[in-house]
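In what follows, a single structure is set out as structure tokens and then discussed.
The values are calculated or read from the model by the stated rules, or taken from the named source; none is laboratory data. Being a predicted model, the structure only gives us computed values, none of them experimental. Ideal geometry is used to build each Cβ from the backbone, glycine not excepted, and the neighbour counts take in all protein chains shown. To get the accessible areas, we keep the full protein, side chains included, count just its heavy atoms, and leave off ligands, DNA and RNA. Shrake-Rupley method; radii C 1.70, N 1.55, O 1.52, S 1.80 Å.
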Amino acid sequence: MHFCKSLEALISALKCLPGVGPKTAERMSFHLLERERAGALYLADAIKEALATVKHCEQCRMLTDEALCHFCLDKKRDQNILCIVENPADVLVLEQSGCYRGIYFVLGGHLSPLDGIGPDEIGISEFLHFLTSHALHEIIIATNSTVEGEATAYYIAEQIKDKNITLTRIAQGVPRGGELAFVDGGTLTEALSRRVPFEAA
Ligand SMILES: [Zn+2]
């Protein structure tokens with residue numbers, strides 16, 4: 001199918017979004033041009049504005065349009081416990097769970113030497129600097145449960161092993177509501193090896 005140049009450019013631009021392939025990009029483009037021109041303009045302005053103003057928090061590397069993000073500025077949060085995550089979206093998931101009230105550090109990815117992503121690219125020096133200005137009691141490493149996420153967790157552990165801070169890793173195991181028959185072998189092995197004492201209520 002041959003589209004005019006501007007339409008081709010729009011379709012091609014939309015394909016940079018995660019989960020959007022050529023067909024979806026085409027559908028989105030037609031929708032914006034045929035039915036949602038005002039919304040398209042609003043979207044274009046919002047993207048431009050966000051690109052111009054949103055950057056990384058100087059302290060925790062979360063996305064923000066101020067020097068420090070609202071998590072770092074919120075003094076009601078527990079300043080002695082830090083959770084390290086790979087991406088800003090992970091912070092949102094933890095916040096939505098409502099089970100964590102400490103502070104964060106966002107790596108912005110994981111170690112991946114083959115892709116040229118080393119410690120500098122995931123902010124390890126900023127993280128070590130962060131430690132000098134905070135009296136932390138505990139650091140929770142909440143990187144993803146992937147090969148790269150695990151390697152990143154071990155690398156971070158190595159960097160802080162001489163500091164007097166309790167280091168923990170989020171547990172892996174059988175998901176809530178999950179049935180054993182549908183859990184993969186690796187997850188089940190992990191769940192068994194990290195079993196916890198259980199008592200009658
Ligand atoms: Zn911050």
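Please list I117, I11 from largest to smallest accessible area, probe radius 1.4 Å, with all protein chains kept in place.
I117, I11
Counting other C-beta atoms within 10 Å, and keeping those with at most 12, which DSSP coil chymotrypsin sites (Phe, Trp or Tyr not before Pro) do you find in the range 101-201?
Details: sites: Y104, F105, F127, F130, Y154, Y155, F182, F198; in loops: F198.
When the chymotrypsin sites (Phe, Trp or Tyr not before Pro) of the range 101-201 are filtered for loop state and at most 12 Cβ neighbours within 10 Å, F198 remain.
Averaged per residue, what accessible surface does the chain expose to a 1.4 Å probe, in Å²? If you can, show how the numbers build up before the last one.
Working: 13730 Å² over 201 residues.
Value for the chain: 68 Å² per residue.
Give me, ordered by chain and number, the residues 5 or more places off R169 or on other chains with an amide H under 5 Å from its own placed amide H.
Residues meeting the criterion, in which the H sits 1.01 Å from N, are I141.
Roughly what percent of Cα-Cα pairs across the range 1-134 reach past 26 Å? The partial results should precede the final answer.
Numbers: 3906 of 8911 pairs.
Distances greater than 26 Å cover 44 percent of the Cα pairs.
Would you list which lysines come within 28 Å of K5, measuring only between C-alpha atoms, while excluding same-chain residues fewer than 8 positions from it?
K15, K23, K48
If you roll a 1.4 Å probe over the chain with all protein chains in place, what percent of the accessible area is carbon or sulfur? Don't jump to the answer; show the numbers that get you there.
On the way: 8020 of 13730 Å².
Carbon and sulfur: 58 percent of the exposed surface of the chain.
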